[in-house]
Amino acid sequence: MSGAMVDVQALGPGMGIPWNTTGQLFRSDRGTRVPGLSVAGARGLLPTCDQALVSCRGAVPGSRHL
């Protein structure tokens, strides 16, 4: 995992965001082309929890719990 940014569908159910709306949500063309969270994870595009912790260790001054 190189620490590169990965685009995922923000409106996908895998994000777990309760979009409390009665209207239709729209995605951009780019938003419809990127994978959902579960697909990105299955493809190995996302870091593991341990990899994420290692990459941010020391990024927040004074945070010893990372």
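The values are calculated or read from the model by the stated rules, or taken from the named source; none is laboratory data. Everything numeric here is computed off the predicted structure, so don't read it as measured data. FYI the Cβ positions are ideal-geometry reconstructions off the backbone, even for glycines, and counts take in every protein chain you see.
Annotations for the structure displayed:
- Pairs where the first residue, in region 12-36, is on the phi > 0 side of the Ramachandran plot and the second is among the hydrophobic types (A, V, I, L, M, F, W, C) and part of a loop (DSSP other than H, G, I, E, B), C-beta under 6 Å, 6+ apart: none
- Failed item in (1) farther than 22 Å from A4 by Cβ; (2) at pLDDT 85 or above; (3) surrounded by 10 or more Cβ atoms within 10 Å (Cβ to Cβ), with S63 passing the rest: (2)
- Within region 1-36, the residues that satisfy the criterion of being in a loop (DSSP other than H, G, I, E, B) and surrounded by 13 or more Cβ atoms within 10 Å (Cβ to Cβ) are M1, V6, V8, Q9, A10, L11, G12, R27, V34, P35, G36.
- Scope region 37-47; condition in a loop (DSSP other than H, G, I, E, B) and either among the hydrophobic types (A, V, I, L, M, F, W, C) or free of Cβ contacts under 8 Å to residues at least 40 places away in the same chain (or both); matching residues: R43, G44, L45, L46
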